Amino acid sequence: MGNVVEIKNLTHYYGKKLVFENLSFNIREGSIFGLLGKNGTGKTTTINILNGFLRPKSGKCLMFGEDSYNLSPTTKARVGFLIEGHIQYSYMNIKQIEKFYSAFYPRWKKEPYYELMSKLAVTEDQKLSKMSCGQRSQVALGLILAQDPDLLILDDYSMGLDAGYRRLFIDYLTEYAKAENKTIFITSHIIQDLENFLDECVILDYRSVLCTMPIKDFLANFKQFRFESSIPDLKLEKDDVIKNSEVIKNKAAIYTFAKKEEVESHLVSKGINFTNLHQEAMSLEDAFIGITGKY
Amino acid sequence: MFKSLVFKEWLKIRWVFTGLAILNFLVVMNIYFDLLNTFKVYSANVVVGQFQAYEIVFYSNIEYILLFTGLILGVFQLFPEINQTRLKLTFHLPVKENKLMFQMVSVGVLLLITIFLFDAALLSIICIKFLPREFFESMLITTLPWYVGGICTYIWLVTIFIEPNWVKRTISILVAVGIISLFYAGDGFGKYAFSAWYFVLLTGFCSSIIFLSAYNFKRGIC
Amino acid sequence: MLKRINIIRIILMLIIVLAASIFIPDFYWKANKHEINRTSVYYSPIKKSFVLLKSDVRGVNYTDIKGKQFSRDEFEELIPFVNFRQLMLMGKLPDTIDGHSIVPREINLNNVTLRVNPIMINSRPLQLFPLFESASGRVRLELSPDYFRIGKRMEFVTSITNEVNEEKSQLFTSALQKEGFSFPSKGIYGNPTTKKPFDEGYFVIDNSNKVFHIKMVKGKPFCKNTGIPSSLGIVFISAVEFELREFYGLIITDKNEAYFISYDNYRLIQLPVKDYDHQENTLQVRGDLLYRILVVNKESGFNTVVTDRNYQVVDRYSERWPGKESSTAGIVSAYIFPFTIAIEKDTTPFINFYFKFSDLRCLFLSVVFLIITVFYLRKKNVATKKMGYFSVLVLLTGMYGFIAVLAIKDFDDDPSIPKNS
């Protein structure tokens, strides 16, 4: 199983402002990959580069072995793209839009599309512009499933959707991913739905990459430790060990990849006294907030 | 696949196209009735004499309507693509981007030519019915730059809409206004008789710039 | 792909150069409108020399060629043929001038004026004309019910039905054929208006450059081969209908000659015009009881010749003044504009791309722009080969090319050259 996507040392600026530097990761065939990060950390920029709508300042981005900036039509047919906001041709109705796209994709399967549409309370000639945000997202999802792409790129699929639609998406995508060799690349800033869905992730921060690893490893290695300290106005600086921290009165929490013993010796070396140091379990969302910070 | 693209463009602009066709028809009818009334008020030989001596362009009402038609068709065809960058959707289709642009613009140009041929046919009928053939021939060469100007307007509009960078867009707008104004100069009959083909050529060259805008769009704002 | 994009970039630059070279000079000259020198020249039979009426924004000046000033009344008395009505009103019209007794009606009859400018020569009116009945017996001319064209034959189209009048067409066509007319016509010259004292029809140049005189007299065709040599190279005929009935019209040739077509069996009278370019200058011919005065008007001067009634030269005069090119604005424009393009010209009614090139003076600024361009492109890390093309463009087109280079903004700089920003 090769790499469907290869990103190497990707660097981009908007004018003089750095977006990210030396971003590198690979997406293996058949995996479900998440690009996570707060708003404005460069997720959509990465997606744009990946789909050939932005030329990075430097670095390499390959999709199915081709330079993503110059994808051949045959490769483009293998990629399904959900644009942020579920953008589609809103002047078409669900019948017209299916008819339109079916001409372009040789593997087009209209059954999954219409199956999904039957769950929608819309008439056949209702234009997309007259549908709700959630209904539109369902149309967008149906079109992608009908296309049967090898690589599915979803840029912020959750935007504007309530919990029900978000869950619908994850359910359908999970089902889709079960088929062999289907790869999914998803970006999001809402983490809670993705916990049992993602295989691997990259977490972006402003101007830096916080981590690149499988979800299992991330959840296993990234820990939250809580303790109490008698030091008044305790301040914990970010460093190699302490990725993030919170202090409320005399209770502190630190987020780290280090083991408990390393944390203890690190606090001692910093002259911080502590009591009741214990690890707290975290969900993926907790871990995400932990590594990216609350602000 | 081209059929599907034509279908998509048609869905987008069929109402605008119809509206513009009706507008053009009404303007030509207006010209027809004005001419008819002129013949009623003055005798035919007076009308022909005055038209010849003073080079009265009795169909001048259509001049800027043709520019307007190209402008409106361009706006309504391109604005939905640019609004929320739907052009990315189109460019993601498994066809080379330049081919997609070419097909999209072809649809617009063909629709424009359809309206323009319709105008030209109606005006020709009017000229041939009421006036000696010299007026018909003169009408063709007098209106030719206006039609070409309408197409050139549409082409610049596409270029301007697709260009993502605002500075370059502004420059394009300035250049477009200047170039398009060249098509609507002169008074009287057939003033472009010796240069009509240069203007067709100029329009052809202008249309290549659409691909530069598409290239800039793909490169993104950096 | 990149190569194609670069070609398109060059096309865009050329279009920007085109637009800049049209609109920047246009705006420049609007802002620097050259004051037009208005001088009217007359020949005074009293003084036997030229007198001038000069008007500008400050007012009107009446002078002679030595600069002596006159009042308006004095001036008008010097040119009695022009102002005879005013002088009559003031009781100042002389009884005789130069031995000729003066009768107002005779003055009026002999006053003629003609004007030919390049726009008239270059115009192409619709070749469809009314043929008036020239001997209707009525005081005023009446508009004909039809219009004629001369293509493969002479055809009359009845306006009200828009159909060809076969009978009339055949009648006139045979008459022309009998006179040896070669169809189709190359030019039809006349006055298609009823606002003239009488009608002399049209002068028509046939396909072998012979000149025919065509009229309708009592419904019958009058078609005469004038015998004017076909080698003349006629570019224009200004047809006239003056009560004087001395000449039918003025011929202008491609060799810048001017001839009257006289009533004496179409004999040509050559006018002693000098230094006349029919594509650039206006020719005025004025006549009165005693003289003929020919004035060639240019942008930067005029020259005039006066002849007697037998067209023998009596006197000459010319004046020059600094034209647009010699004004400050003109000199500056020679430096800043390597060339200008206009789509309209005041010597022709047709739209086209009219180029005007400056001289070597424009190189100064072009070199300055070139140097700035090279620095600018270096800063943008543009590859040397591309820089070469753009430099040539800026050298040849000066500020226009420079504007085009700036407008392009990015050039897909060579990634192997290290960037500094």
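Just one residue in the set B:Lys168, B:Lys191 is touching a Phe, Trp or Tyr at 6+ places or on another chain (Cβ under 9 Å), charged (D, E, K, R) and in contact (Cβ under 8 Å) with a residue 40 or more places away in the chain; that residue is B:Lys191. If you go through region A:175-208 and pick out every residue that is within 17 Å of A:Lys294 (Cα to Cα) and assigned to a strand (DSSP E or B), you end up with 5. Taking region A:31-128 and the helices (runs of 4 or more DSSP H) fully enclosed by it, the elements with 3 or more residues that are touching a residue at least 24 places away in the same chain (Cβ under 8 Å) and either crowded, with 21+ Cβ neighbours inside 10 Å or basic (Lys, Arg) (or both) are at A:43-50, A:94-102. For region C:125-149, filtered to residues that are out of contact with any Lys or Arg (no Cβ under 9 Å at 6 or more places or on another chain), surrounded by 15 or more Cβ atoms within 10 Å (Cβ to Cβ) and not aliphatic (A, V, I, L, M), the residue that is farthest from C:Tyr189 (Cα to Cα) is C:Pro145. If you go through region B:91-102 and pick out every residue that is buried (at least 18 other Cβ atoms within 10 Å of the Cβ) and either more than 9 Å from every other protein chain (Cβ to nearest Cβ) or in a helix (DSSP H, G or I) (or both), you end up with 5. Per the conditions (1) at pLDDT 95 or above; (2) loosely packed, with under 14 Cβ neighbours inside 10 Å; (3) of a type outside the set (Asp, Glu), the sole criterion not satisfied by C:Met90 is (1).
Would you confirm, using the coordinates I've provided, whether C:Ser101 is among the small types (Gly, Ala, Ser), without any contact (Cβ under 8 Å) to a residue 40 or more places away in the chain and away from chain B (no Cβ under 14 Å)? Spelling it out, C:Ser101 is indeed among the small types (Gly, Ala, Ser), without any contact (Cβ under 8 Å) to a residue 40 or more places away in the chain and away from chain B (no Cβ under 14 Å).
So, A:Asn3, is that one free of Cβ contacts under 8 Å to residues at least 24 places away in the same chain, more than 22 Å from B:Phe217 (Cβ to Cβ) and surrounded by fewer than 22 Cβ atoms within 10 Å (Cβ to Cβ) or not? No.
Considering only residues that are among the polar types (S, T, N, Q) and more than 11 Å from chain B (Cβ to nearest Cβ), which ones fall in region A:89-125? Within region A:89-125, A:Ser118, A:Thr123 qualify. Filtering A:Asp162, A:Asp193, A:Asp233, A:Asp205 for residues that are acidic (Asp, Glu) and either under 18 Å from A:Leu50 (Cβ atoms) or free of Cβ contacts under 8 Å to residues at least 24 places away in the same chain (or both) leaves a single hit, A:Asp233. The set of residues from region C:115-137 being touching a Ser or Thr at 6+ places or on another chain (Cβ under 7 Å), closer than 17 Å to C:Ile234 by Cα and within 14 Å of chain B (Cβ to nearest Cβ) comprises C:Ile119, C:Asn122.
How about region A:129-173: which of its residues are in a loop (DSSP other than H, G, I, E, B) and among the acidic types (Asp, Glu)? Answer for region A:129-173, where residues must be in a loop (DSSP other than H, G, I, E, B) and among the acidic types (Asp, Glu): A:Asp148, A:Asp150, A:Asp156, A:Asp162. Scanning region A:20-74 for residues that are aromatic (Phe, Trp, Tyr) and in contact with a helix residue (DSSP H, G or I) (Cβ under 7 Å, 6 or more places away or on another chain), which turns out farthest from A:Phe185 (Cα to Cα)? Among residues in region A:20-74 that are aromatic (Phe, Trp, Tyr) and in contact with a helix residue (DSSP H, G or I) (Cβ under 7 Å, 6 or more places away or on another chain), the one farthest from A:Phe185 (Cα to Cα) is A:Phe53.
Just give me the residues in region C:304-318 being of a type in the set (S, T, N, Q), more than 12 Å from C:Asp275 (Cβ to Cβ) and surrounded by 13 or more Cβ atoms within 10 Å (Cβ to Cβ), in sequence order.
Just the residues of region C:304-318 that are of a type in the set (S, T, N, Q), to begin with: C:304, C:307, C:310, C:312, C:318.
Retained after the next criterion (residues that are more than 12 Å from C:Asp275 (Cβ to Cβ)): C:307, C:310, C:312.
Result: C:Thr307, single match.
Considering only residues in region A:7-30 that are within 12 Å of another protein chain (Cβ to nearest Cβ) and touching a Ser or Thr at 6+ places or on another chain (Cβ under 7 Å), the one that is surrounded by the fewest Cβ atoms within 10 Å (Cβ to Cβ) turns out to be A:Thr11. Give me the residue from region C:184-216 that is surrounded by fewer than 18 Cβ atoms within 10 Å (Cβ to Cβ), within 14 Å of chain B (Cβ to nearest Cβ) and not basic (Lys, Arg) and, out of that set, nearest to the chain's Cα centre (by Cα). Of everything passing the filter in region C:184-216, C:Thr193 is nearest to the chain's Cα centre (by Cα). Scanning region A:73-87 for residues that are out of contact with any strand residue (DSSP E or B) (no Cβ under 9 Å at 6 or more places or on another chain), facing chain B (nearest Cβ under 7 Å) and under 20 Å from A:Lys127 (Cβ atoms) yields one hit, A:Ile87. Which of the residues belonging to region B:183-210 are within 19 Å of B:Asn98 (Cβ to Cβ), at the interface with chain C (Cβ under 8 Å from one of its Cβ atoms) and crowded, with 20+ Cβ neighbours inside 10 Å? Passing the criteria: B:Cys206, B:Ile209.
How many residues does region A:209-227 contain that are surrounded by 14 or more Cβ atoms within 10 Å (Cβ to Cβ) and either small (Gly, Ala, Ser) or part of a strand (DSSP E or B) (or both)?
At the first step, the residues of region A:209-227 found to be surrounded by 14 or more Cβ atoms within 10 Å (Cβ to Cβ) are A:209-215, A:218-219, A:221-227.
Still in the list and also either small (Gly, Ala, Ser) or part of a strand (DSSP E or B) (or both): A:209-214, A:223-227.
So the count comes out to 11.
So, of the residues in region B:211-221 that are on the phi < 0 side of the Ramachandran plot and at the interface with another protein chain (Cβ under 7 Å from one of its Cβ atoms), which turns out to be surrounded by the fewest Cβ atoms within 10 Å (Cβ to Cβ)? Top of the filtered list is B:Arg219.
Within region B:173-182, track down each residue that is at the interface with another protein chain (Cβ under 7 Å from one of its Cβ atoms) and among the β-branched types (Val, Ile, Thr).
Selection gives B:Val175, B:Ile179.
It is to be established whether one or more residues within region C:6-24 are within 25 Å of C:Trp321 (Cα to Cα) and either modelled with pLDDT of 90 or more or surrounded by 20 or more Cβ atoms within 10 Å (Cβ to Cβ) (or both). Checking region C:6-24: not a single residue is within 25 Å of C:Trp321 (Cα to Cα) and either modelled with pLDDT of 90 or more or surrounded by 20 or more Cβ atoms within 10 Å (Cβ to Cβ) (or both). Of B:Ile65, B:Ile56, all but one fail to be over 18 Å from the mean Cα position of the chain (by Cα) and either under 17 Å from B:Thr153 (Cβ atoms) or not in a helix (DSSP H, G or I) (or both); the exception is B:Ile56.
Only one of the listed residues (A:Ala77, A:Ala140) is more than 19 Å from B:Pro80 (Cβ to Cβ), in the same structural domain as A:Ser188 (by TED's automatic domain parsing) and aliphatic (A, V, I, L, M). That residue is A:Ala77.
The values are calculated or read from the model by the stated rules, or taken from the named source; none is laboratory data. None of the values given here were measured: they were computed from a predicted structure. Using ideal geometry, Cβ is built from the backbone for each residue, glycine included, and neighbour counts are taken over all protein chains shown.
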